[in-house]
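Read through the structure below, which is laid out as structure tokens, and then see the notes.
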Amino acid sequence: MVGAGRTFGRFYPAVSLLHELDPRAKILATAIFILGIFLVGSIPGLLEVAAALAVLVVASRVPPGVFLRTLRPVAIIVILTALFQILFSREGVTLFEWGILQVHEGGLSMGFFLALRILLLVLAAGLLTATTSPVALADGVEDLLSPLKRFRFPAHEVAMMTTIALRFIPTLQEEAQKIMNAQAARGASFAEGGLIRRAQAFRPVLVPLTVGAFRRADELAEAMESRGYRGGEGRTRYRELRFQVRDALALAVAALVIALGALL
Amino acid sequence: MSEFRDVRVLTEAALAIALAFVLGLIKFFKMPEGGSISLEMIPLILLALRQGWRIGMVAGAAYGILDLILDPYILNPVQVLFDYPLPFAAMGLAGLFRPSARGAVLGCIVAVAGRFICHFISGVAFFASYAPKGWNPYVYSAAYNAAYLVPSLVIALVVVVALLKALEGARPSRRQREQARPAS
């Protein structure tokens, strides 16, 4: 259930070079890693990428446990993928046979290869979100999407909505918890009965929560208008993003790691 | 986009996104490989019904990006697009219908169908790169995604009409004032 004051997202504040890099550089570097991992076609290549990511994990000064937690939800996918390959692939030398169970060399290496690939993909995305605050990410996404403005894609509006939403998630979380507690005190139960019964039990929570959220939106609009907000044109930021030499270097290193992995 | 010139529309979309995220944390049931039976779609559908499909789709895409920023699971580059921005942009399809009881029901069904198609494509793409040869990715992906989207649709149908009515009473949008009743 919703815990009041529970943190959301995966940002882990710390002082490190990775935290200080330009969010646009980090988003692009992550994109290079994620697309690049699919170009790496061998186990030694993936191990090289894994070693590079391990160095980055250490450099980020984020406790490794934080990353292990992000890997947990994909554990089932990793295990199932590896198991399917190991049990059902019929390529290469037979290593083990017992009744209908057959383990072939090809299946074993393919299972390991795919499991490693999934873990590296999740780890690459985890590095980005652990070292970059959600607001910085939203700013970075806005800048990277702004060329699409030419095709009338509302990049500024999307980023603005995301930033406002980030600000109000904790507020609404608290409100949801309060309303649910108030209903529970009146004897409401949210965990009983079938799907429709439970959905109906949520109706007295959803109505005040939704009306309250939309009322807040009106108040916020008034506050923004009275301060002269007029859309993205010519709007400045409190914290300007600056792309520096070290950001370009980070991109070059990411490309190099992938190129080396693809060759191995 | 000219629709967003009205700051009120922008903030309403932002709060709908925040509410969708908060409701997404209340899970009725969580699937092992992502996706869960939850209420997260409801605010986005309401927004689309109140402000039209264009704003609904942009806000949905923004919700997808927010979800990606906060909790990314990237298994395949194609899957990112079809699991984050696109399925929630599909929530905007509800805005093709009138903000009436009948329109809300039809809107929910069409929006969830759109989301299903996106996750279905993503599932096939995922399976194509990870499953052993000879497995049928289409059946698996359809079954997997229907398993949580159909119950989520049922929940949305149970509450969405009441919520739309409540909002019409408290804060009617322009679209609601003009189109809530069928023109006679």
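The values are calculated or read from the model by the stated rules, or taken from the named source; none is laboratory data. What you see is a predicted model, and the numbers here were worked out from it, not measured in a lab. So basically every Cβ, Gly included, is an ideal-geometry build from the backbone, and we count neighbours across all protein chains shown. To get the accessible areas, we keep the full protein, side chains included, count just its heavy atoms, and leave off ligands, DNA and RNA. Shrake-Rupley method; radii C 1.70, N 1.55, O 1.52, S 1.80 Å.
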(request) Express in Å², to the nearest 10, the accessible area of A:Glu219 obtained by rolling a 1.4 Å probe over the protein heavy atoms while all chains stay in place. (result) 110
(message) Could you work out [θ]222 nm for the protein assembly as shown from helices alone, using -39500 (n - 2.57) per DSSP H run of at least four and dividing by all its residues? Round to the nearest 500 deg cm²/dmol.
(response) -23000 deg cm²/dmol
(message) What do you get for the angle between helix B:137-170 and the principal long axis of chain B? Use alpha-carbon atoms, 0 to 90 degrees, nearest ten.
(response) 20
(message) At 1.4 Å probe size, what's the solvent-accessible area of A:Lys149? Round to the nearest 10 Å².
(response) 100
(message) As a test of reading the structure, rank A:Met110, B:Met91, B:Met57 by solvent-accessible area (1.4 Å probe, protein chains only), most first.
(response) A:Met110, B:Met57, B:Met91
(request) Could you tell me how many degrees, from 0 to 90 and to the nearest 10, lie between the Cα long axis of helix B:53-70 and the main elongation axis, the longest principal axis, of the Cα atoms of chain B? (result) 50
(request) Round to the nearest 0.05 the FRET efficiency obtained for A:Leu144 and B:Ala113 when R0 = 35 Å and r is the Cβ-Cβ distance. (result) 0.70
(message) Within chain A, which whole H helices from DSSP have a Cα span along their axis of at least 30 Å and a mean Kyte-Doolittle hydropathy of 1.0 or more, if any?
(response) A:105-131
(request) First compute the accessible area of the protein assembly as shown with a 1.4 Å probe, then give the percent of it belonging to carbon and sulfur atoms. (result) 64
(request) Report the percentage of all Cα-Cα pairs in chain A whose separation exceeds 31 Å, rounded to a whole percent. (result) 48
(request) With a Förster radius of 56 Å, plug the Cβ-Cβ distance of A:Glu225 and A:Trp98 into 1/(1 + (r/R0)^6) and report the FRET value to the nearest 0.05. (result) 0.15
(request) Between A:Leu263 and A:Arg152, take the C-beta separation as r, use R0 = 56 Å, and let me know the FRET efficiency to the nearest 0.05. (result) 0.85
(message) Can you divide the C-alpha Rg of the protein assembly as shown by 2.2 N^0.38 Å and report the result to two decimal places?
(response) 1.04
(message) Give the A-B buried accessible area in Å², both sides summed, 1.4 Å probe, nearest 100.
(response) 6100
